[in-house]
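Below is one structure, written out as structure tokens; comments come after it.
Please treat every number below as a calculation from the coordinates, not as lab data. Keep in mind that this is a model prediction, so the values were computed, not measured. In this analysis, Cβ positions are derived from the backbone assuming ideal geometry, glycine residues included, and neighbour counts consider all displayed protein chains.
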Amino acid sequence: MPAKPTACLALADGTLFYGRGFGATGMRVAELCFNTAMTGYQEIMTDPSYAGQIVTFTFPHIGNTGVTPEDDETGDPVAEGMIVKWDPTEPSNWRATGDLVSWLEKTGRIGMGGVDTRRLTRAIRQQGAPHVALAHDPEGNFDIEALVQAARGFPGLVGLDLAKGVTCAQSYRWDEKRWAWPEGYTRREGPAPKVVAIDYGAKRNILRCLASVGCDVTVMPATTTAEEVLAQNPDGVFLSNGPGDPAATGTYAVPMIQGVLKADLPIFGICLGHQMLALALGAKTVKMNHGHHGANHPVKDLESGKVEITSMNHGFTVDSQTLPKGVIETHVSLFDGSNCGIRMADRPVYSVQYHPEASPGPQDSFYLFERFAEAIRARGAA
């Protein structure tokens with residue numbers, strides 16, 4: 001006789017998936033997305049951009065490299081839970097300091113294994129990112145009607161400002177550089193151009209990339225005003241990734257960016273920061289059917305013709321048809337043609353929808369950080 005399921009995923013339309021629970025017990029309600037990356041499950045779970053979401057991993061070997069604090073993108077997991085095909089195995093990795101199951105249990109996140117993730121991914125692609133309730137009970141007792149109602153009661157991400165919930169509480173300095181063998185993480189030293197990084201849910205590896213190209217980084221909260229940014233006397237401003245509806249976050253972020261634009265500083269944005277810049281310049285954003293989540297997304301640089309394999313995580317996109325005069329579309333997704341980059345025609349102000357810091361990979365787009373540093377140096381030399 002088969003073992004009783006210990007986890008249940010209920011979709012708002014009443015569809016049910018059963019499996020084996022691991023990690024924390026209880027219930028979580030969220031939007032369900034899928035991620036196609038083959039590596040980096042710990043970075044994905046701790047990426048603040050996944051606030052309000054449960055992640056289905058299409059790659060079956062989740063947990064086999066364990067966990068290590070060195071790979072956290074922020075202090076604790078932000079994604080509400082994970083759905084996987086095969087139960088996590090014991091880790092086999094010299095860097096591991098713990099296992100995935102214990103880590104999820106300690107940090108209050110639910111996992112569910114033994115699921116047909118291909119079927120679940122097809123459902124997300126065909127119907128759009130559903131609202132779901134994920135429950136883990138070691139005894140296997142589930143109130144199905146209550147789970148479905150909980151999923152239906154989830155408000156969704158449209159109109160939701162989640163950046164305030166994941167941003168830093170106060171400003172701080174950052175000098176840690178990218179991980180490199182054999183030293184690991186090292187510190188940037190000496191005088192350097194000053195960059196203010198606005199934290200809408202910034203990943204640590206983005207800050208490390210800024211430090212690695214020679215920037216003296218000060219991280220400031222999402223609600224920082226233009227006056228507070230300019231009081232730092234920065235040489236450039238960076239707009240980070242983050243979760244939620246860009247239009248909702250834009251109520252306070254757009255006035256700040258527009259104020260900084262008047263100071264004629266180099267500006268670089270990633271993900272939500274890209275969407276914030278686009279809104280500040282007069283464009284609009286829209287919710288996608290199932291978004292882009294993975295580390296194998298082809299993006300074309302329209303100006304060079306080069307195709308980059310990129311890491312992505314977004315459920316909203318900039319509507320390229322609304323870009324105003326003087327703002328050029330620089331990158332597009334080769335999956336669906338959606339906008340993946342913009343720049344101002346006459347100033348070093350640009351942004352991309354994807355993640356050029358891409359840790360653990362791919363590394364095709366690191367040049368964007370170098371371009372930002374070069375723009376800062378050029379302005380200083382002028």
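At-a-glance table
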read-out	value
Max mean-square fluctuation residue, GNM over the chain, Cα-Cα springs under 10 Å, options Thr15, Thr317, Thr167	Thr15
Ordering of 238-247, 353-362 by burial proxy (mean other Cβ atoms within 10 Å per residue, highest first)	238-247, 353-362
Entry for mean projected area of the Cα convex hull in nm² (calculated from the structure that is shown) out of (1) 18.8; (2) 34.2; (3) 24.5	(1)
Over the stretch 1-150, equivalent-ellipsoid semi-axes from the Cα gyration tensor in Å	23, 17, 14
Helix 367-381 vs. the chain, principal-axis angle (Cα, 0 to 90°, nearest 10)	20 degrees
Relative contact order for the chain, counting Cα pairs under 8 Å that sit 6 or more residues apart, in percent	15 percent
Distance between modelled label sites at Thr322 and Asp87, nm, 7 Å Cα→Cβ extension	4.8 nm
Mean separation of Cα contacts under 8 Å, 6 or more apart, over the residue count of the stretch 88-209: relative contact order %	16 percent
The chain: angle of helix 117-127 to the longest principal axis, Cα-based, in degrees nearest 10	60 degrees
Rg [Å, one decimal], Dmax [Å, integer] - the stretch 165-257, C-alpha atoms	13.7, 45
Folded to 0 to 90 degrees: helix 144-153 orientation relative to the chain principal axis, Cα	20 degrees
Neighbour cut-off at most 15 other Cβ (10 Å), DSSP loop, GluC sites (Glu not before Pro), the stretch 165-209	Glu183, Glu189
Cα coordinate range in the stretch 177-321, projected on the principal axes (Å, largest first)	45, 39, 29
